[in-house]
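The values are calculated or read from the model by the stated rules, or taken from the named source; none is laboratory data. All figures in this text were calculated on a predicted structure; none of them were measured in a lab. Cβ coordinates were reconstructed from backbone atoms using ideal geometry, including for glycine residues, and neighbour counts include every protein chain displayed. For accessibility, only protein heavy atoms count, side chains too; no ligands or nucleic acids. Shrake-Rupley method; radii C 1.70, N 1.55, O 1.52, S 1.80 Å.
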Amino acid sequence: MNQREMFLRHVAQTSPAPLALEIVKAEGSILTDAKGREYIDLIAGISVCNIGHRHPKVVKAIKQQADEYLHLLVYGELVETPQVEYAKLLTDHLHNSLNSVYFTNSGAEAVEGAMKLAKRATGRTQIIAFNQSYHGSTQGALSIIGDEYFRNAFRPLLPDVLHMDYNDYDAIEAISNRTACVIAESVQAERGIYAPTKEWMKALAQKCKETGTLLILDEIQTGFGRTGTLWGYQQFKVVPDIVLLGKALGGGMPLGAFVANRKLMNHLTADPVLGHITTFGGHPVCCAAGLAAMKVLLKRGIMEKVQEKEMLFHNLLHHPKIKAVRSCGLMMAVEFDSFETNKKVIDACINRKKGQRRVLTDWFLFAPQCLRIVPPLTISNKEIREACEIILEAVDKIK
Ligand code: PLP
């Protein structure tokens with residue numbers, strides 16, 4: 001049995017048609033498969049590898065930490081230098097009020113922790129979330145995602161969740177003094193990249209303040225420079241009560257976090273004590289990797305070039321079959337008339353002739369007609385030009 005056959009037999013899949021590419025090396029924006037074929041990576045592990053794959057500083061930090069210690073004890077008991085230093089760096093670059101970091105293993109776990117914290121701190125139960133938002137696949141996170149097709153088979157889910165339309169003032173009207181929290185993505189990603197207006201975001205934050213509702217912003221895809229600013233919410237000049245981090249947080253290693261004010265976070269330390277527990281959350285190797293990645297992101301002028309690269313994609317991606325290109329920094333959706341058309345483009349980008357470079361991309365969960373462009377922020381202009389040529393060649397071939 002070859003690797004691919006063993007993968008299909010023994011590794012659980014929930015996609016009926018997994019890509020099943022056998023990648024043996026990843027460097028910068030390029031993936032190489034077992035047959036030596038190269039792919040320009042336009043999805044960066046879904047917004048994870050913001051500073052590119054295997055950045056030497058990240059690899060060095062992982063090796064150094066592995067030489068010192070791996071897992072020691074459940075989260076929050078011991079002073080572990082990579083956690084402490086990473087929490088300090090993160091809070092130095094968030095609003096002053098966001099000064100306490102709870103590290104988790106994943107984005108969904110950050111969502112779970114934040115929802116618990118909001119219920120515990122406010123004594124309220126109602127959660128307002130948004131249609132076409134994605135927050136993860138665990139039962140709590142699933143309860144708040146904005147798509148009935150994905151939720152329905154797993155009911156009963158969390159009670160007292162109200163789904164409203166994003167960027168709609170009726171949602172703001174719905175917030176009341178029985179709402180524990182509002183959870184919103186700073187930019188809706190899986191809907192196919194939809195940013196709210198500044199006015200709406202501000203009105204949302206204002207209504208939360210007036211009603212004592214906690215505003216939770218999910219920065220799991222928009223964080224770490226993806227939109228051109230370190231955090232997506234900086235585009236809207238609002239400050240959340242809790243911010244959710246994941247994906248690029250670990251520099252390619254599994255890591256999530258919810259960040260809040262220390263006083264708010266303290267609600268998880270009493271009645272009950274140990275209000276949120278994780279064995280591996282904030283693993284020292286993951287924190288060391290994330291810390292190194294964030295330092296690279298902050299020092300290397302990477303975010304400063306996001307807008308220029310975004311414009312380059314926009315200038316290149318013109319074709320009568322492309323209905324729209326929506327973007328917020330280097331998170332972009334190229335919209336076609338249907339999933340069938342999009343799938344043909346995606347497949348043609350992946351399956352080119354021998355010796356030709358390929359492009360790895362996919363679609364969005366709630367927008368299957370849209371092609372995902374969420375590359376490493378470090379992708380070069382040359383790679384962008386080449387990737388766009390490959391996409392346009394694929395679009396040309398559609399019958
Ligand atoms: N929130 C957003 C906006 C996401 O895009 C995702 C994952 O795609 C999550 C939460 C869940 O993160 P994870 O898959 O690490 O649980």
Expected output for region 94-109 (first residue over 13 Å from residue 279 (Cα atoms), partner open to solvent by 40 Å² or more (accessible area, probe 1.4 Å) and away from the ligand (no atom under 16 Å from the Cβ), Cβ below 7 Å, 6+ apart or cross-chain) is 95/239; 97/239; 97/261; 98/261; 99/261; 99/262; 100/261; 100/262
Residue set 372, 352; condition modelled with pLDDT of 95 or more, of a type in the set (Lys, Arg) and part of a loop (DSSP other than H, G, I, E, B); output residue 352
When every residue in region 182-236 that is without any contact (Cβ under 8 Å) to a residue 24 or more places away in the chain and over 24 Å from residue 299 (Cα atoms) is compared, the one farthest from the ligand (Cβ to nearest atom) is 210
When every residue in region 123-137 that is open to solvent by 50 Å² or more (accessible area, probe 1.4 Å) and near the ligand (Cβ under 7 Å from one of its atoms) is compared, the one farthest from residue 248 (Cα to Cα) is 137
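Table: residues versus (1) closer than 27 Å to residue 3 by Cβ; (2) open to solvent by 50 Å² or more (accessible area, probe 1.4 Å); (3) in contact with a helix residue (DSSP H, G or I) (Cβ under 7 Å, 6 or more places away or on another chain).
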{"position": "35", "(1), (2), (3)": "yes, yes, no"}
{"position": "42", "(1), (2), (3)": "yes, no, yes"}
{"position": "51", "(1), (2), (3)": "no, no, yes"}
{"position": "56", "(1), (2), (3)": "no, yes, no"}
{"position": "76", "(1), (2), (3)": "no, yes, no"}
When residue 12 is run through (1) within 30 Å of residue 333 (Cβ to Cβ); (2) surrounded by 12 or more Cβ atoms within 10 Å (Cβ to Cβ); (3) out of contact with any strand residue (DSSP E or B) (no Cβ under 7 Å at 6 or more places or on another chain), the failure sits at (2)
Within region 45-62, residues being closer than 14 Å to residue 221 by Cα and not hydrophobic (A, V, I, L, M, F, W, C) number 3
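Scan region 153-204 for residues that are assigned to a helix (DSSP H, G or I) and surrounded by fewer than 21 Cβ atoms within 10 Å (Cβ to Cβ) and report the count. Before you say what the answer is, go through the steps one by one.
From region 153-204, those assigned to a helix (DSSP H, G or I) are 169-174, 198-204; that's our starting set.
Next, only the ones that are surrounded by fewer than 21 Cβ atoms within 10 Å (Cβ to Cβ) stay: 169-170, 172-174, 198-200, 202-203.
Residues in region 153-204 being assigned to a helix (DSSP H, G or I) and surrounded by fewer than 21 Cβ atoms within 10 Å (Cβ to Cβ): 10 in total.
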The helices (runs of 4 or more DSSP H) lying entirely within region 37-98 that contain at least 3 residues which are out of contact with any Pro (no Cβ under 7 Å at 6 or more places or on another chain) and away from the ligand (no atom under 16 Å from the Cβ) are 56-68, 81-92
If you go through 85, 5, the only one that is surrounded by fewer than 18 Cβ atoms within 10 Å (Cβ to Cβ), touching a helix residue (DSSP H, G or I) at 6+ places or on another chain (Cβ under 8 Å) and of a type in the set (Asp, Glu) is 85
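For residue 73, state whether it is assigned by TED's automatic domain parsing to the domain that holds residue 251 and more than 21 Å from the chain's Cα centre (by Cα). So that I can check it myself, show each step before the final result.
Numbers: assigned by TED's automatic domain parsing to the domain that holds residue 251: yes; more than 21 Å from the chain's Cα centre (by Cα): yes.
Considered against the rule, which asks whether it is assigned by TED's automatic domain parsing to the domain that holds residue 251 and more than 21 Å from the chain's Cα centre (by Cα), residue 73 comes out as yes.
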Would you check if residue 9 is part of a helix (DSSP H, G or I) and within 22 Å of residue 355 (Cα to Cα)?
no
Note on region 102-122: residues more than 8 Å from the ligand (Cβ to nearest atom), touching a strand residue (DSSP E or B) at 6+ places or on another chain (Cβ under 6 Å), open to solvent by less than 10 Å² (accessible area, probe 1.4 Å) and assigned to a helix (DSSP H, G or I) are 113, 114, 118
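Residues to consider are 118, 87; find the one that is touching a Cys at 6+ places or on another chain (Cβ under 8 Å) and either under 30 Å from residue 143 (Cβ atoms) or polar (S, T, N, Q) (or both).
Values: 87 fails: touching a Cys at 6+ places or on another chain (Cβ under 8 Å).
Matching residue, one of 118, 87: 118.
Has region 381-390 got at least one residue that is open to solvent by 40 Å² or more (accessible area, probe 1.4 Å) and either aromatic (Phe, Trp, Tyr) or in contact with a helix residue (DSSP H, G or I) (Cβ under 7 Å, 6 or more places away or on another chain) (or both)? Give the steps one after another, and end with the answer.
The first filter runs over region 381-390 and keeps only residues open to solvent by 40 Å² or more (accessible area, probe 1.4 Å), leaving 381-382, 385-386, 389.
Keeping just the survivors that are either aromatic (Phe, Trp, Tyr) or in contact with a helix residue (DSSP H, G or I) (Cβ under 7 Å, 6 or more places away or on another chain) (or both) gives 381, 385.
Among the residues of region 381-390, at least one is open to solvent by 40 Å² or more (accessible area, probe 1.4 Å) and either aromatic (Phe, Trp, Tyr) or in contact with a helix residue (DSSP H, G or I) (Cβ under 7 Å, 6 or more places away or on another chain) (or both), which makes the answer yes.
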